[in-house]
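Let me begin by presenting the structure, written as structure tokens, before commenting on it.
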Amino acid sequence: MIKKIIISACLFMTLVSFSQEGTSSPYSFYGIGDVKFSGTLENRSMGGISMAQDSTHINLQNPAGYANLKWTAFTIGGGSNYTKQKSGGESATAQKTTLDYLALGIPLGKKFGGAFGLIPYSSVGYRIANENPDPTQISRRFNGWGGLNRVFLGFGYKIVPNLNFGVNAYYNFGKIQSNSLEYIPEISSGSRELNVTNLSGVNFNIGMMYKAKLNDKLSLFSSLYYTPESTLKAENTRSIATVAYNSTFDLAVIDASDEETSKTDLKLPQKWTFGAGVGDSKKWLMGAEVSFQDVGKLANNYNTIDDVTYEKYQRYSVGGYYTPNSNPFSSYLQRITYRGGLRYEKTGLVVNSTSINDTALTFGMGLPITGSLSNLNVGLEFGKKGTTSNNLVQENYFTISLSFTLNDKWFVKRKFF
């Protein structure tokens with residue numbers, strides 16, 4: 001049954017990854033869009049920390065965790081995001097529902113494990129209107145959609161009982177489209193510029209995990225992973241046309257110029273992440289994690305603006321989990337895992353000389369599915385991104401997420417007596 005579920009989910013996720021618009025943020029105009037969290041809901045609910053070692057859950061952030069798998073694990077997750085945007089005296093609301101990841105992890109021996117899957121990496125989705133109060137002067141409208149997805153294949157190996165090593169290989173692919181319209185409200189036609197960028201490239205993630213016993217009930221957990229700098233190939237197409245529009249801004253092309261094509265190499269910067277925590281892996285864990293990323297080269301010909309620069313990315317996270325009693329014979333409420341965390345990010349984007357930061361408080365619960373090791377996870381995130389200073393946009397958001405992790409034993413040699 002689990003194999004049928006996996007095949008159906010993979011096909012569905014592949015279709016959705018090409019079509020979903022995963023953000024409504026005006027900040028997704030810059031670079032390759034809003035970069036999404038790359039881990040599972042379990043990690044996201046703990047502020048993003050990733051040092052926990054688990055035999056039934058896939059660690060998508062650090063591939064060294066695959067070596068801990070003792071059960072085949074299939075996981076799929078998604079969520080709905082509700083955002084209130086405000087700038088000056090104006091405000092707007094938006095809602096988006098997305099699939100966030102799909103992955104399958106398989107134990108390949110006592111010391112070896114692997115995983116593969118599909119993860120949306122970044123999302124573009126904005127609609128901006130710059131209306132001139134004088135109806136005889138030029139007004140502008142901008143909208144964009146698309147993003148970058150990645151498929152991955154990774155392996156983890158247990159070098160010694162307490163030390164794991166792992167590597168992920170990613171193939172990145174996607175399309176970003178942007179549409180800008182200049183018009184005079186008293187005239188029924190305007191000028192439209194359409195930019196289409198097809199992205200592709202390969203990169204890697206290398207990780208290590210270490211566990212040390214401090215006493216009979218307490219252990220130290222640590223995690224380190226590194227993503228080297230990589231190149232994204234961008235194939236750009238630009239077309240300019242005279243268009244007719246109506247009151248709902250449906251566009252009809254009247255006259256179009258020849259398409260212009262170009263190629264650009266974008267740079268995904270190198271990134272370091274280190275985390276450490278203490279706890280009893282079957283009952284509780286508390287940890288902290290930091291990430292640092294260099295400045296990348298992500299501006300393309302359609303989103304290069306004078307008042308925008310980039311700085312180094314930083315993330316600081318604290319979080320943990322608590323399970324009252326993991327014994328399968330204890331009561332259901334005792335077997336629920338409770339998670340929480342806090343995250344602060346400097347996104348690396350600087351607009352009008354102002355850093356765009358993102359802060360969030362996270363909560364979650366892991367609800368066991370009776371009669372199995374599988375579970376349903378629910379997560380909540382309350383956050384703020386950006387600021388209203390310097391004519392910028394502040395986003396107050398709330399996200400509710402849901403994921404399933406299904407566990408089974410594969411490749412078991414049958415015995416007959």
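The values are calculated or read from the model by the stated rules, or taken from the named source; none is laboratory data. Nothing here was measured: the structure is a model prediction, and the numbers come from that model. Ideal geometry is used to build each Cβ from the backbone, glycine not excepted, and the neighbour counts take in all protein chains shown. Note: areas computed on protein heavy atoms with side chains; ligands, DNA, RNA excluded. Shrake-Rupley method; radii C 1.70, N 1.55, O 1.52, S 1.80 Å.
Step through the residues of the range 195-203 one at a time and calculate ³J(HN,Hα) from phi using the Karplus curve (6.51 cos²θ - 1.76 cosθ + 1.60, θ = phi - 60°), rounding each to whole Hz and writing x for Gly and Pro.
So the Karplus estimates, Gly and Pro as x, are 10, 10, 10, 9, 10, 7, x, 10, 8 Hz.
Taking only DSSP H segments of four or more residues, each worth -39500 (n - 2.57), what value at 222 nm results for the chain once the sum is divided by all its residues, to the nearest 500 deg cm²/dmol?
On the way: 2 runs with 22 residues, N = 417.
Rounded to the nearest 500, the figure is -1500 deg cm²/dmol.
Note down the net charge around Leu108, summing +1 for each Lys or Arg and -1 for each Asp or Glu among other residues with Cβ under 13 Å from its Cβ.
Numbers: positive: Lys70, Lys110, Lys111, Lys158; negative: none.
Taking every Cβ under 13 Å from that of Leu108, the sum is +4.
How much length is gained if the chain between Thr309 and Trp272 is pulled fully straight, taking 0.36 nm per residue apart and subtracting their Cα-Cα distance, in nm to one decimal?
Between Thr309 and Trp272, full extension yields an extra 11.2 nm.
With a 1.4 Å probe and all protein chains kept in place, how do Thr231, Thr83 rank by accessible area, largest first? Mind showing how you got there, number by number?
Numbers: Thr231 45, Thr83 10 Å².
Descending accessible area places them as Thr231, Thr83.
For the range 319-364, I need the span (max minus min coordinate) of the C-alpha atoms along each principal axis, in Å, sorted largest to smallest.
58, 11, 10
Please list, short to long, the whole-number percent of alpha-carbon pairs of the range 50-179 in consecutive 10 angstrom bins beginning at zero.
Whole-percent P(r) values from 0 Å outward: 11, 30, 23, 17, 12, 6, 2, 0.
Ordering Val243, Val160 by accessible area with a probe of 1.4 Å, largest first, what comes out?
Working: Val243 0, Val160 70 Å².
My answer, sorted largest first, is Val160, Val243.
So what is the accessible area of the chain per residue, in Å², with the probe set to 1.4 Å?
On the way: 20580 Å² over 417 residues.
Using a 1.4 Å probe on heavy atoms only, each residue of the chain averages 49 Å².
Count the net charge of all other residues whose Cβ sits under 15 Å from the Cβ of Ser330, scoring Lys and Arg as +1 and Asp and Glu as -1. Present the calculation step by step, with values, prior to reporting the outcome.
On the way: positive: Lys282, Lys283, Arg335; negative: none.
Value of the local net charge: +3.
Considering only Ile128, Gly147, Leu181, whose Cα is most displaced toward the positive end of the charge dipole of the range 126-206, charges sitting on Cβ of Lys, Arg (+1) and Asp, Glu (-1)?
So the residue we want is Gly147.
Tell me, what % of the accessible area of the chain is carbon and sulfur with a 1.4 angstrom probe?
Numbers: 12000 of 20580 Å².
For the chain, the apolar C and S fraction of the accessible surface comes to 58 percent.
Round to the nearest 10 and report in Å² the accessible area of Glu186, as given by a 1.4 Å probe over the protein chains' heavy atoms.
The accessible area of Glu186 comes to roughly 130 Å².
What relative contact order, as a whole-number percentage, does the range 331-400 give when Cα pairs under 8 Å and 6 or more residues apart are counted?
Details: 134 pairs, mean separation 17.8, N = 70.
Over the range 331-400, the number comes to 25 percent.
Note down the nm distance, to one decimal, between modelled labels 7 Å out along Cα→Cβ at Ile138 and at Ile187.
Rounded to a tenth, the inter-label distance reads 1.0 nm.
Could you give the nm distance between label points at Phe404 and Val290, where each point is 7 Å from its Cα heading toward the beta carbon?
So the two model labels end up 4.1 nm from each other.
For a quick check, take a GNM of the chain with Cα springs below 10 Å and name the residue from Asn132, Asn168, Asn68 with the largest mean-square fluctuation.
Largest GNM mean-square fluctuation: Asn132.
With a sphere of radius 10 Å drawn around the Cβ of Leu181, what net charge do the other residues whose Cβ falls strictly inside it have (Lys, Arg +1; Asp, Glu -1)? Don't skip to the end; give the middle numbers.
On the way: positive: Arg140, Arg141, Arg192; negative: Glu182, Glu193.
Spelling it out: positives minus negatives among the neighbours equals +1.
With all pairs of different alpha carbon atoms counted, what Kirkwood hydrodynamic radius in Å does the range 177-302 show? Write down the numbers at each step before the final one.
Working: mean 1/r = 0.0520 Å⁻¹.
Mean inverse Cα-Cα distance, inverted, gives 19.2 Å.
Give me the dipole magnitude in Debye, nearest 20, for the chain about the Cα centre, with unit charges on the beta carbon: positive for Lys and Arg, negative for Asp and Glu. It would help to have the intermediate numbers written out before the result.
Details: 40 positive and 31 negative charges, 554 e Å.
Dipole about the Cα centre, nearest 20: 2660 debye.
Explain nothing, just the number: relative contact order of the range 273-334, from Cα pairs under 8 Å at least 6 residues apart, as a whole percent. Don't skip to the answer; put the middle values down first.
Details: 80 pairs, mean separation 23.0, N = 62.
Relative contact order comes out at 37 percent.
Place a +1 charge on the Cβ of each Lys and Arg in the range 39-159 and a -1 charge on the Cβ of each Asp and Glu, then give the dipole magnitude about the Cα centre in debye, rounded to the nearest 20. Don't jump to the answer; show the numbers that get you there.
Numbers: 12 positive and 6 negative charges, 67 e Å.
In total the dipole reaches around 320 debye.
GNM on the chain, C-alpha springs below 10 Å: top fluctuator among Gly22, Gly125, Gly201?
Gly201
Taking springs between alpha-carbon atoms closer than 10 angstrom, which of Thr370, Thr354, Thr248 fluctuates most in the Gaussian network model of the chain?
So, out of Thr370, Thr354, Thr248, the one fluctuating most is Thr248.
Using the Cα centre of the chain as origin and beta-carbon charges of +1 (Lys, Arg) and -1 (Asp, Glu), tell me which of Gly371, Gly277, Gly113 is placed farthest towards the positive end of the dipole.
Gly371
As a quick test, which of the pairs Lys110/Lys271; Lys211/Lys385; Lys384/Lys409; Lys175/Lys312; Lys111/Lys267 have an alpha carbon distance above 32 angstrom in this structure?
Values: Lys110/Lys271 30 Å; Lys211/Lys385 35 Å; Lys384/Lys409 42 Å; Lys175/Lys312 25 Å; Lys111/Lys267 35 Å.
Violating the 32 Å limit, Cα to Cα: Lys211/Lys385; Lys384/Lys409; Lys111/Lys267.
Ordered by residue, what ³J(HN,Hα) values in Hz, to whole numbers, does the range 264-272 give under the Karplus form 6.51 cos²θ - 1.76 cosθ + 1.60, where θ = phi - 60° and Gly and Pro are x?
Karplus-based 3J(HN,Hα) across the range 264-272 equals 9, 9, 8, 10, 7, x, 5, 9, 10 Hz.
Could you give the nm distance between label points at Phe249 and Ser80, where each point is 7 Å from its Cα heading toward the beta carbon?
So the two model labels end up 2.6 nm from each other.
May I ask for the Kirkwood hydrodynamic radius of the range 312-411, worked out over all distinct Cα pairs and given in angstroms to one decimal? Could the numbers behind the result be given before it?
Working: mean 1/r = 0.0622 Å⁻¹.
Taking every pair of different Cα atoms in the range 312-411, averaging 1/r and inverting gives 16.1 Å.
Rolling a 1.4 angstrom probe over the protein chains, ignoring ligands and nucleic acids, what is the accessible area of Arg140 in square angstrom, nearest 10?
Its accessible surface works out to 80 Å², give or take rounding.
Pop out the ³J(HN,Hα) list for the range 36-44 in order, Karplus 6.51 cos²θ - 1.76 cosθ + 1.60 with θ = phi - 60°, rounded to Hz; leave Gly and Pro as x.
Once rounded to whole Hz, the list reads 8, 5, 9, x, 7, 4, 4, 6, 4.
Once the piece of chain linking Ser326 and Asp258 is laid out straight, how much longer is it, given 0.36 nm per residue of separation minus the C-alpha distance between them? Display every interim value, and only then the final one.
On the way: separation 68, 0.36 × 68 = 24.48 nm, distance 6.49 nm.
Full-extension gain reported as 18.0 nm.
In what sequence, largest accessible area first, do Thr304, Thr337 appear using a 1.4 Å probe?
So, going from the largest accessible area down, we get Thr304, Thr337.
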